[in-house]
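The values are calculated or read from the model by the stated rules, or taken from the named source; none is laboratory data. Owing to the predicted nature of the structure, the values given are computational and were not obtained by experimental measurement. No Cβ is skipped: glycine too gets one built from the backbone with ideal geometry, and neighbour counts run over all protein chains shown. What goes into the accessible areas is simple: the full protein's heavy atoms, side chains included, and nothing from ligands, DNA or RNA. Shrake-Rupley method; radii C 1.70, N 1.55, O 1.52, S 1.80 Å.
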Amino acid sequence: MRFFADLHIHSRFSRATSRDMTPETLWEWAQIKGISLIGTGDITHPGWIKELHEKLHPEGNGLFTLSKEFQHKEIPESCKADVFFMLTAEICCIYRKRDRARKIHLLLLVPDFNDASRINASLWKIGRLDTDGRPVLGVDAKKLLEMILNEAPESMVIPAHLWTPHFSLLGANSGFDSIKECFEELTPHIHAVETGLSSDPPMNHRLSALDNLALISNSDAHSPSKIGREANLFNCPISYTDIIQALRGKGGPKATIEFFPQEGKYYYDGHRQCSVSWSPQETLQNNYLCPSCGNKVTVGVMHRINKLADREEGFKSKHTQSCYWTIPLQDIISEALRTGINSKSAQREYSRLLGALGSELRILIETPLEDINRQGTALLGEAISRVRSGDVKITPGYDGEYGTIKILD
Ligand SMILES: [Zn+2]
Ligand SMILES: [Zn+2]
């Protein structure tokens with residue numbers, strides 16, 4: 001079976017996350033977006049796991065569905081589909097190793113509630129899990145991996161948004177230079193990495209050290225409308241075991257849905273407060289120092305990959321993972337209508353298109369342009385066609401500022 005999966009989201013129990021992130025809304029928006037399998041996020045949080053326990057029904061395949069009595073949201077007929085949930089979480093490890101501060105986010109996939117409870121019981125011994133849906137633990141990432149695999153050998157730990165400067169395994173500020181430096185002899189238990197919004201599979205293929213890892217992409221959504229902005233296309237039976245097997249060396253996902261990496265918040269280097277945005281070359285020429293305030297600029301993902309890569313830009317191997325670069329449909333509509341994303345007319349058009357053509361991912365990736373043209377304005381079809389062929393202008397994101405995209409002149 002061919003389906004889209006988004007395995008990294010957060011619940012309303014996480015900081016800076018929308019109050020709407022409930023099981024009912026995840027179920028609703030997964031269908032709107034075209035996501036068949038969605039991570040629950042935040043299973044380490046006692047309030048959230050209790051709610052999930054009450055509202056989700058085990059399907060006997062390591063995945064869950066929303067119990068019928070909670071399926072009360074109205075879904076456009078054209079988008080109605082089964083939605084499966086996988087128990088997932090994200091954990092932030094902050095610790096010192098080899099005399100440097102390390103701050104790393106790890107994604108966790110778990111097959112059932114018993115495993116989740118055992119993992120949580122052991123994590124409570126090292127820190128609080130109830131203050132944030134994404135708990136911050138003062139534990140070495142390697143030690144955490146060991147604890148999790150001891151409690152639940154079928155679970156999987158995946159370095160999250162691998163390259164972001166502040167909280168990732170290979171990030172410039174508090175990461176390592178290799179996965180091995182972080183996990184040492186436990187490195188063989190790492191089977192996949194999340195590439196994050198500011199990098200895509202071709203950029204990651206420049207490191208031979210990543211050749212044997214599945215490259216996955218997820219939304220890291222903090223609000224419902226961001227679900228599925230990056231995702232994975234799997235082609236296997238929908239079950240926990242089949243997905244884990246796909247990630248453990250059977251080639252990973254068939255393809256991923258990608259942001260244009262330039263649009264990510266940390267593609268370029270720079271200093272947001274001073275509006276300084278630099279390519280890696282400019283940063284080197286300026287010795288990493290902001291001309292305005294004299295502080296060190298934030299080193300972004302492109303720079304970091306240039307530094308650690310052992311292959312040229314554009315390198316292609318037989319492992320090259322296929323991907324679709326795209327832009328959220330509401331952004332495209334807002335450009336085609338020349339109005340703000342939250343304007344009434346843009347939102348009405350979004351609902352109308354979903355009703356006529358089906359889920360957002362289907363419209364972005366699969367729907368024939370003739371069908372879109374028949375539904376929307378001519379400009380919308382033109383805009384989607386340009387996005388599909390990558391014919392867009394992007395001012396790169398830097399230091400926490402998203403890149404800006406221009407699709408139509
Ligand atoms: Zn994170
Ligand atoms: Zn500055």
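Let me spell out the model: positive unit charges on the Cβ of Lys and Arg, negative unit charges on the Cβ of Asp and Glu, origin at the Cα centre of region 328-391. What dipole size does that give, in debye rounded to 20? Don't skip to the answer; put the middle values down first.
Working: 8 positive and 9 negative charges, 48 e Å.
Rounded to the nearest 20 debye, it is 220 debye.
Expressed as a rounded percentage, what relative contact order does region 2-262 have, with Cα pairs under 8 Å and six or more residues apart?
Dividing the mean separation by the residue count of region 2-262 yields 22 percent.
Across all Cα atoms of region 31-115, the radius of gyration (one decimal) and Dmax (whole number) stand at 16.5, 57 Å.
Run the numbers on region 191-344 and let me know its relative contact order in percent, using alpha-carbon pairs under 8 Å that are six or more apart. Please report the intermediate quantities before stating the final value.
On the way: 252 pairs, mean separation 43.1, N = 154.
Averaging sequence separation for qualifying contacts and normalising by length gives 28 percent for region 191-344.
For region 252-319, the alpha carbon positions stretch 45, 24, 14 Å along the principal axes, listed from largest to smallest. Considering only Y266, M86, H189, the residue lying farthest towards the positive end of the dipole of the chain is Y266, judged by Cα position with unit charges set on Cβ. Between I216 and V193, E194, T195, the built amide H atoms are under 5 Å apart, and every one of these is 5 or more places off in sequence or on another chain.
Under a Gaussian network description of the chain, with springs only between Cα atoms under 10 Å, the residue in G175, G397, G138 that fluctuates furthest is G138. Computed with a 1.4 Å probe on the full set of protein chains, the accessible area for C79 sits at about 10 Å².
The residues of region 2-262 expose on average 36 square angstrom of accessible surface per residue, using a 1.4 Å probe on protein heavy atoms.
For the residues S174, S334, S345, a GNM of the chain with alpha-carbon springs under 10 Å puts the largest fluctuation on S345. For region 328-391, what D do you get in µm² per second when you plug the Kirkwood radius from alpha-carbon pairs into Stokes-Einstein at 20 °C and 1.002 mPa s? D = 187 µm²/s. Between L337, L197, L52, the residue with the greatest mean-square fluctuation in the GNM of the chain (Cα pairs under 10 Å linked by springs) is L337. Candidates I257, F70, G133 compared by Cα position along the dipole of the chain: farthest toward the positive end lies G133, with charges placed on Cβ. Expressed as a whole percent, the accessible area of region 194-294 that falls on carbon and sulfur atoms is 43 (1.4 Å probe). Entry comment: accessible area of region 328-391 is 47 Å² per residue, from protein heavy atoms only and a probe of 1.4 Å. Reducing region 214-291 and region 14-59 to their Cα centroids gives an inter-centroid distance of 22 Å. Centre-to-centre, using Cα atoms only, region 101-123 and region 176-198 are separated by 16 Å. Straight-line cross-link reach from K318 at under 17 Å between alpha-carbon atoms covers these lysines, not counting any fewer than eight positions away in the same chain: K250, K254. Estimated purely from DSSP H runs of n ≥ 4, each contributing -39500 (n - 2.57), the mean residue ellipticity at 222 nm for the chain is -8000 deg cm²/dmol once divided by its residues. Cross-link partners for K393 among the lysines, with Cα-Cα distance under 17 Å and sequence neighbours closer than 8 places in the same chain left out: K265, K406. Charge dipole (Cα centre; +1 on Lys/Arg Cβ, -1 on Asp/Glu Cβ; no other charges) of region 2-262 amounts to roughly 600 debye. Using the Cα centre of region 328-391 as origin and beta-carbon charges of +1 (Lys, Arg) and -1 (Asp, Glu), tell me which of S351, A383, L369 is placed farthest towards the positive end of the dipole. The listed residue farthest towards the positive side: S351. What the pair-distance distribution of the chain shows, using all Cα-Cα distances binned every 10 Å from zero, is 5, 22, 33, 27, 12, 2, 0 percent.
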